[in-house]
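**Student:** This structure is in structure tokens; I'll ask about it shortly.
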Amino acid sequence: PTQKVNLSMLSKMAQTEVDAALRSLPVELRALVQRVPVFLEWRPDAEDIAHGIEPDTLGLFDEGTPEAPTPRIRLWLKNLWDFAEDDAAVFRDEVRTTLLHEIGHLLGWDEQDVEERGLG
């Protein structure tokens with residue numbers, strides 16, 4: 001049976017994983033990453049999709065725009081939950097992997113660099 005989930009439940013699970021992943025980073029990297037907020041959102045909205053973000057995207061490192069110049073990492077919890085096929089353990093692992101993937105982009109790594117480091 002499919003487990004009913006909501007943003008609050010997934011946010012709590014995801015925040016625990018985000019905090020643990022950030023604590024596991026080397027100190028010098030942690031200092032850089034802590035300046036970039038991580039947003040836990042349900043799904044890309046119509047504006048995101050209009051800007052070319054696929055509806056099933058798991059996460060994104062957003063460098064910022066002139067209107068919103070602050071870089072940020074965005075994780076889409078419902079998409080991560082769907083990807084995990086309603087399995088909480090897989091969801092937690094994927095939150096961590098997706099966060100580290102986006103941190104790779106923050107560091108300037110491209111998709112190939114991220115894949116080579118096992119963060120695909």
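The values are calculated or read from the model by the stated rules, or taken from the named source; none is laboratory data. Since this is a predicted model, take the numbers as computed values, not measurements. Cβ placement follows ideal geometry from the backbone for every residue including glycine, while neighbour counts extend to all protein chains displayed. Side chains included, ligands, DNA and RNA excluded: accessible areas come from the protein's heavy atoms. Shrake-Rupley method; radii C 1.70, N 1.55, O 1.52, S 1.80 Å.
**Student:** How much FRET efficiency would the formula 1/(1 + (r/R0)^6) give for Thr70 and Glu28, where r is the Cβ-Cβ distance and R0 is 25 Å, rounded to 0.05?
**Tutor:** 0.70
**Student:** Counting only C-alpha contacts under 8 Å and six or more residues apart, can you give the relative contact order of the stretch 47-93 as a whole percent?
**Tutor:** The normalised contact order for the stretch 47-93 reaches 26 percent.
**Student:** Follow-up question, since we're still on this one. What relative contact order, as a whole-number percentage, does the chain give when Cα pairs under 8 Å and 6 or more residues apart are counted?
**Tutor:** 25
**Student:** With a bin width of 5 angstrom, please list the P(r) values of the chain as percents of all Cα-Cα pairs, from the 0 bin to the one holding the largest distance.
**Tutor:** Spelled out per bin, shortest first, that is 2, 11, 21, 25, 21, 13, 6, 1, 0, 0.
**Student:** So, one more: Under the rule that an exposed site lies in a DSSP loop and has at most 14 other Cβ atoms within 10 Å, name the longest stretch of the chain with no GluC sites (Glu not before Pro) of that kind, not counting the sites themselves.
**Tutor:** 1-62
**Student:** A follow-up question, please. Can you give me the accessible area per residue for the stretch 15-118, using a 1.4 Å probe, in Å²? Intermediate results must be reported in sequence, preceding the final value.
**Tutor:** On the way: 6010 Å² over 104 residues.
Ligands and nucleic acids excluded, the result is 58 Å² per residue.
**Student:** Something else now. Report, to the nearest whole %, how much of the accessible area of the stretch 75-116 belongs to carbon and sulfur atoms, 1.4 Å probe, protein only.
**Tutor:** Carbon and sulfur together cover 43 percent of it.
**Student:** Which longest uninterrupted range of the chain lacks any trypsin sites (Lys or Arg not before Pro) assigned by DSSP to a loop state (not H, G, I, E or B) and surrounded by at most 15 other Cβ atoms within 10 Å?
**Tutor:** 36-116
**Student:** Helix-derived [θ] at 222 nm for the chain: sum -39500 (n - 2.57) over DSSP H runs of at least 4, divide by residue count, nearest 500?
**Tutor:** Computed mean residue ellipticity for the chain: -15500 deg cm²/dmol.
**Student:** Further question: Got a sec? What order do Phe61, Phe91, Phe83, Phe39 fall in by accessible area at 1.4 Å, biggest, i.e. largest, first?
**Tutor:** Per-residue accessible area, sorted high to low, gives Phe83, Phe39, Phe61, Phe91.
**Student:** Quick check: pseudo-label points 7 Å beyond the Cα along Cα→Cβ at Trp42 and Gln15, how many nm apart are they?
**Tutor:** Each label point is offset 7 Å from its Cα along the Cβ direction, giving 1.8 nm.
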